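The values are calculated or read from the model by the stated rules, or taken from the named source; none is laboratory data. What you see is a predicted model; the values in this text were computed from it and never measured. Counting neighbours? That spans all protein chains shown, and the Cβs are built from the backbone with ideal geometry, glycine included.
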Amino acid sequence: MHPKDISIADYNYPLPDDRIAQHPVAQRDKSKLLISNNGDIQESVFENIADFLPKDSLIVYNNTKVIRARMQFRKPTGAKIEIFILEPLSPTVEIQNSFSVTAQCEWKCLVGGAKKWKQGELSLEMEYNGARFTVYAEKAETIGNSFRIKFRWEPVELTFSDVLIATGSIPLPPYMKRDTEQEDVKRYQTIYAKHQGSVAAPTAGLHFTTEVEKSLANKGIKNNYVSLHVGAGTFKPVSAEKIEGHEMHTEQVVIQKQLVEDLLQYSDKKIIAVGTTTTRSLESIYWYGVQLLQDMSTSFHIKQWDPYDNEFAKYVTVERSLKAVIEYMDANNIEELHGDTQIIIAPSYEYKIVDILITNFHQPKSTLLLLVSAFYGEQWKESYDYALDNEFRFLSYGDSCLFFKK
């Protein structure tokens, strides 16, 4: 079956509200861990995950950093206007570079209370590093259900990152029915978060601690990183009856050449992906290599249905694809590859890179659940039933599971 013909109703399951974790556990690596391998289900604690992973393997994390994407303004009348930044538009569209911009910038944003904000410039006075500053916001044209927002601030030498740190708050997922609290500033962030750009955490990584990382290293497991900047589209529900009617969100991704070289080195061993964002990034690298073998000048942009429509891929091994990416980077003298991916991974997809998946428990009828099903098959249902029957916590602040490719 082509994924376009999948009925999303087949990926539904009952998830009571009280099973959705509203707060993290007291210590990151004390979350529960479900291990599912070819139908064999075990239960442990995340701090023991190294015991279940093979020696001489490669683990890959997403080192994106969650930004303080929610900004609260007030009109002179007192009406509250919330601006949720989504993606940069000017002077750069590259997320990692957009936070070092000074003086002014433009972003695509969601606006809460947009009907109350007909025109005019909003202002917000704050204190940063002991000094007062003012940020201004002006609504420009409509972009779908979003808006182009022009920001400027004084003093102009501050960066947009400074502005967000002073005025913004961490954007919790919509199913966490509470306001952001102080603990979220640290806990809704992985310990290895490095590059700003996400409006949602790569939550499979929230369980890792320095001690867990040491236990993996002691077992001879090598690590590396991708940077996929998670967009608000990750929470977009599949509202269409068939997957064909769902438009997958596009997210920016940054790949280091050393990672591609590591993937090539470990292609005959086991590659472990921490989370669905890492998985989408790694699989997208393969598809970019396929595209390069057809056109060495093509840019890194993986469209939603590329994996299912590219007949040429039947003749491209993982090794050949990865070598094509390395050759492209060598030829262009680049160590860092910037691109974006819209890839949707759903049943019938054949995984190319990832052998083992560490992930959280995902929402019913979500594209993330489709990705898990493509990886593990129909046995995902047994694992989720087990988790529901055994007091596992679900979604972003919930517990973890470890799947081995079917």
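Restricting the search to segment 252-275, which residues are farther than 27 Å from V93 by Cα and either part of a loop (DSSP other than H, G, I, E, B) or of a type in the set (K, R) (or both)? Across segment 252-275, the qualifying residues are Y266, S267, D268, K269, K270.
Condition first: under 25 Å from E181 (Cβ atoms), outside any strand (DSSP E or B) and in contact (Cβ under 8 Å) with a residue 40 or more places away in the chain. Can you find one or more residues in segment 81-92 that meet it? Among the residues of segment 81-92, not one is under 25 Å from E181 (Cβ atoms), outside any strand (DSSP E or B) and in contact (Cβ under 8 Å) with a residue 40 or more places away in the chain, which makes the answer no. So, in segment 261-281, of the ones that are of a type in the set (A, V, I, L, M) and either buried (at least 23 other Cβ atoms within 10 Å of the Cβ) or farther than 13 Å from V325 by Cβ (or both), which residue ends up nearest to the chain's Cα centre (by Cα)? By that ranking, first place goes to V274. Out of all the residues in segment 394-406, is one or more on the phi > 0 side of the Ramachandran plot, of a type outside the set (S, T, N, Q) and touching a Ser or Thr at 6+ places or on another chain (Cβ under 9 Å)? Yes; the residues of segment 394-406 include at least one that is on the phi > 0 side of the Ramachandran plot, of a type outside the set (S, T, N, Q) and touching a Ser or Thr at 6+ places or on another chain (Cβ under 9 Å). Screening P171 against (1) in contact with a helix residue (DSSP H, G or I) (Cβ under 7 Å, 6 or more places away or on another chain); (2) under 22 Å from K186 (Cβ atoms); (3) assigned to a loop (DSSP other than H, G, I, E, B); (4) not charged (D, E, K, R) leaves a single unmet condition, (1). Note on segment 170-189: residues that are crowded, with 17+ Cβ neighbours inside 10 Å and in contact with a strand residue (DSSP E or B) (Cβ under 7 Å, 6 or more places away or on another chain) total 4. Selection of segment 234-251 for residues being outside any loop (DSSP other than H, G, I, E, B) and of a type in the set (D, E, K, R) yields K242, E244, E251.
Of the residues making up segment 100-110, one or more are in contact (Cβ under 8 Å) with a residue 60 or more places away in the chain and part of a strand (DSSP E or B).
Conditions tested, residue by residue: (1) outside the structural domain of I8 (by TED's automatic domain parsing); (2) modelled with pLDDT of 95 or more; (3) crowded, with 18+ Cβ neighbours inside 10 Å; (4) out of contact with any helix residue (DSSP H, G or I) (no Cβ under 8 Å at 6 or more places or on another chain).
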site	(1), (2), (3), (4)
S284	no, yes, yes, yes
Q294	no, yes, no, no
W305	no, yes, no, no
Y315	no, no, no, yes
I358	no, yes, yes, no
L370	no, yes, yes, no
D385	no, yes, no, yes
E391	no, yes, no, yes
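Tallying residues that are in contact with a Ser or Thr (Cβ under 8 Å, 6 or more places away or on another chain) and not β-branched (V, I, T) within segment 264-286 yields 9. When R187 is tested against (1) at pLDDT below 95; (2) under 25 Å from V212 (Cα atoms), only condition (1) is not met. Scanning segment 36-55 for residues that are within 30 Å of E261 (Cβ to Cβ) and either at pLDDT 95 or above or of a type in the set (F, W, Y) (or both) gives F46, I49, A50, D51, F52, L53, P54, K55. All told, Q342 meets the bar of being within 24 Å of Y225 (Cβ to Cβ), among the polar types (S, T, N, Q) and either under 23 Å from the mean Cα position of the chain (by Cα) or modelled with pLDDT under 95 (or both).
Evaluate segment 304-314: report whether one residue or more is under 21 Å from H246 (Cα atoms) and hydrophobic (A, V, I, L, M, F, W, C). Within segment 304-314, one or more residues are under 21 Å from H246 (Cα atoms) and hydrophobic (A, V, I, L, M, F, W, C). Is it the case, given these coordinates, that S227 is under 21 Å from V93 (Cβ atoms), surrounded by 16 or more Cβ atoms within 10 Å (Cβ to Cβ), within 23 Å of the chain's Cα centre (by Cα) and of a type in the set (S, T, Y)? Criteria met by S227.
In this structure, V253 does not satisfy being free of Cβ contacts under 8 Å to residues at least 40 places away in the same chain and of a type in the set (V, I, T). What single numbered condition from (1) buried (at least 18 other Cβ atoms within 10 Å of the Cβ); (2) in contact (Cβ under 8 Å) with a residue 40 or more places away in the chain fails to hold for K406? That leaves (1) as the condition not met.
For (1) over 17 Å from R393 (Cβ atoms); (2) touching a strand residue (DSSP E or B) at 6+ places or on another chain (Cβ under 9 Å); (3) of a type outside the set (D, E, K, R); (4) assigned to a loop (DSSP other than H, G, I, E, B), each residue gets a yes or a no:
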{"position": "M1", "(1), (2), (3), (4)": "yes, no, yes, yes"}
{"position": "D18", "(1), (2), (3), (4)": "no, no, no, no"}
{"position": "P24", "(1), (2), (3), (4)": "no, no, yes, yes"}
{"position": "Q42", "(1), (2), (3), (4)": "yes, yes, yes, no"}
{"position": "E47", "(1), (2), (3), (4)": "no, yes, no, no"}
{"position": "A50", "(1), (2), (3), (4)": "yes, no, yes, no"}
{"position": "I59", "(1), (2), (3), (4)": "yes, yes, yes, no"}
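In this structure, A217 does not qualify as in contact with a strand residue (DSSP E or B) (Cβ under 9 Å, 6 or more places away or on another chain), modelled with pLDDT of 95 or more, among the small types (G, A, S) and assigned by TED's automatic domain parsing to the domain that holds P88.
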